[in-house]
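A short reminder: the numbers here are calculations on the coordinates, not readings from a lab. Predicted model, so just to flag it, every value in this text is computed and none were measured. Cβ placement follows ideal geometry from the backbone for every residue including glycine, while neighbour counts extend to all protein chains displayed.
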Number of protein chains: 2
Amino acid sequence: MSEIISSTSNARIKSIRKLRGRKQRDEQQVFFVEGVRIVGEALAEGWPIVELIISPELVGDGYGRHLISEMSHKKINQLVVDSNVFRSISTKDGPKGLAAVICQRWYPVDFILTQPGLWICLDRIQDPGNLGTIMRTADAVGAKGLILIDECTDPYDSGSVRSSMGAIFSIPLIKTTNQDFQAFVLRNHLPVIGASDSAPLDFRLVNYAANMILMMGSERQGLSEPLVQLSTHLVSIPMAGKSDSLNLAVATGIILYEIYNQNHPAREG
Amino acid sequence: MSEIISSTSNARIKSIRKLRGRKQRDEQQVFFVEGVRIVGEALAEGWPIVELIISPELVGDGYGRHLISEMSHKKINQLVVDSNVFRSISTKDGPKGLAAVICQRWYPVDFILTQPGLWICLDRIQDPGNLGTIMRTADAVGAKGLILIDECTDPYDSGSVRSSMGAIFSIPLIKTTNQDFQAFVLRNHLPVIGASDSAPLDFRLVNYAANMILMMGSERQGLSEPLVQLSTHLVSIPMAGKSDSLNLAVATGIILYEIYNQNHPAREG
């Protein structure tokens, strides 16, 4: 076993702590996850793990220990630290002694053409919890991936990763600009459905193709005008109360399940 | 205008700061909100405001100033503080100089009988963001109120109030125990639909009555066994991906809109 790092100001430890900030994550194109279950999922889904951080005192004898031995066989770099150092990089109350630095994975826009099906495009989404929750729902309806337009919150932010409940490892991510996305859609004649609070068309009245892109706007501003213009149909969710809008992750879930339902009719058990 | 409080250790200010904790809120049966829009909503919806906290330096000349003068007419107690004191009670980055302490409002279980329609029962829900988001969706579908069973997170927590986007003021809240709720449902022969990840019945195959109670379980544990047993039908949302569950607020939104859709068919515009 390698030497145990016991200084919280160790250069490698400091650099891992900095991954809490988006700047460092963007520059290094990696992200930090902690917890036995999530590290296990990264491994199971074949994500390139740069480094495993282990605090033997904190890891129990169960699944965590088993994972570590499995990763030793795979020759994954291991950083062994004492519990104090682990706590200094952890953002959890009861850290479990297992964390990993993992390479980010981004796909080019043309990847959409190789994976026909349902795609979700998010225009300048700001809340990491909403983004993670949408990844989780996207996985549930078997969507092919997410397209992030312009300045979105980082899907590799710890809040987004947590809310995704593992979907961060199964849902492909594409990052592009409004302009490039428009050009791509027009070039390939793809059906795109936009959602807007003010659209007169009830979302239940559209026939959704199995191969399509659902576009959702930012929490505060909704869809940008060029994407409104790009929409094959612009739909809204009817509302009966005082509120004039739904939470973005909830609204996305409701429309995604309408699309899912139309393509997978319910059958009596 | 009253004297300006300039000490952050003023007894009244200290007591307001303590409302961040649930214990103090429970004991005093009040809650704290800040922001011009939300204070305006509380006023518009006729909630009993115990005290208004105003920092004239921070309040601009717009709607906030207008609200304050409106409340002076209503003889609402005003606590005038300097910007430093206001920042000490604020949890926001750019505090706007207007906050309020408001009386909590709870309804008895029998209130359900006076308000026939759709009710939502939440069993030991833990996340304030989820709770607030469900209030927001409840308002959107015109639900009559929320029933909180056993140890739920506090709807008057600042995170829940924030996520509710004002629905905290329009959605009646009932707090009760599992046992009392069961007795109430059985006594009044109310249709209750429970949601459970493992239920074999697809939620789209049920005919939902206009007057019914939808029961959702906690984020980690789902519905408790007695509520599963109580259910007229137990439904699940189909899932196609690797995830075995949806975010609770998203799942609630999806089922609520199915109930809404069945009772309000879409019409061509």
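Here are the numbers:
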read-out: Dipole magnitude of segment B:111-263 about its Cα centre (Cβ charges: Lys, Arg +1; Asp, Glu -1), debye to nearest 20; value: 320 debye
read-out: Vicinal HN-Hα couplings computed from phi for segment A:33-50 (Karplus, 6.51 cos²θ - 1.76 cosθ + 1.60; Hz; Gly/Pro x); value: 10, 9, x, 5, 5, 6, 5, x, 5, 4, 5, 4, 8, x, 7, x, 8, 6
read-out: FRET efficiency for A:Y107 and B:N207, using Cβ-Cβ distance with R0 set to 45 Å, rounded to 0.05; value: 0.60
read-out: Å³ per residue enclosed by the Cα convex hull of segment A:2-42; value: 108 Å³
read-out: Values of log10 I(q)/I(0), in the order q = 0.13, 0.19 Å⁻¹, for segment A:1-105 under a Debye, Cα-only, solvent-free model; value: -0.41, -0.93
read-out: Those trypsin sites (Lys or Arg not before Pro) in segment A:40-96 that DSSP places in a loop and that have at most 15 other beta carbons within 10 Å; value: A:K74, A:K75, A:K92
read-out: Nearest-ten-degree value, helix B:63-73 long axis tilted from longest Cα axis of chain B; value: 80 degrees
read-out: Radius ratio Rg over Rh of segment A:16-165, counting only Cα atoms, Kirkwood formula for Rh; value: 0.99
read-out: Ranked list, fewest to most other Cβ atoms within 10 Å of each Cβ, for A:M239, B:M216; value: A:M239, B:M216
read-out: Relative contact order of segment B:111-263, pairs being alpha-carbon contacts under 8 Å that are 6 or more residues apart, as %; value: 27 percent
read-out: Helix A:178-188 vs. chain A, principal-axis angle (Cα, 0 to 90°, nearest 10); value: 60 degrees
read-out: Square roots of 5 times each gyration tensor eigenvalue, C-alpha, chain A, largest first, Å; value: 39, 18, 17
read-out: Exposure proxy order (Cβ contacts within 10 Å, fewest to most) of B:C152, A:C121; value: B:C152, A:C121
read-out: Cα point-scatterer Debye curve for the protein assembly as shown, base-10 log of I(q)/I(0) at q = 0.08 Å⁻¹; value: -0.61
read-out: Those residues of segment A:237-266 whose amide nitrogen sits under 19 Å from the label point placed on B:Y63, 7 Å along Cα→Cβ; value: A:241-247
read-out: Percent antiparallel among DSSP beta bridges (both partners in chain B, rounded to 5); value: 30 percent
read-out: Loop-located GluC sites (Glu not before Pro) in segment A:207-269 whose Cβ has at most 10 other Cβ within 10 Å (DSSP); value: A:E268
read-out: Other copies of B:E225: label-to-label distances in nm, shortest first, labels 7 Å along the beta-carbon direction; value: 6.1
read-out: Cα pair count fraction exceeding 15 Å, expressed as % - segment A:179-269; value: 61 percent
read-out: Those trypsin sites (Lys or Arg not before Pro) in segment B:166-258 that DSSP places in a loop and that have at most 15 other beta carbons within 10 Å; value: B:R220
read-out: Pairwise centroid distance, computed over Cα atoms, of segment B:1-44 with segment A:111-144, Å; value: 40 Å
read-out: Ascending list, in nanometres, of distances separating the A:D197 label from those of the other copies (7 Å, Cα toward Cβ); value: 3.3
read-out: Other-chain or far-sequence residues with amide H under 5 Å of B:Q78's (modelled H); value: B:L52
read-out: Two-decimal Rg/Rh across segment B:111-263, once Rg and the Kirkwood Rh are taken from alpha-carbon atoms; value: 0.93
read-out: Rounded to 10°, Cα long-axis angle of helix B:248-263 versus longest principal axis of chain B; value: 70 degrees
read-out: Computed magnitude of the charge dipole of segment A:11-103 (debye, nearest 20; Cβ of K, R +1, Cβ of D, E -1); value: 380 debye
read-out: Cross-link partners of B:K175 among aspartates and glutamates (Cα-Cα below 17 Å; sequence separation of 8 or more within a chain); value: B:D26, B:E27, B:D110, B:D123, B:D127, B:D150, B:E151, B:D154, B:D157
read-out: Label 7 Å beyond Cα on the Cβ vector: B:T8 copy-to-copy distances, nm; value: 2.3
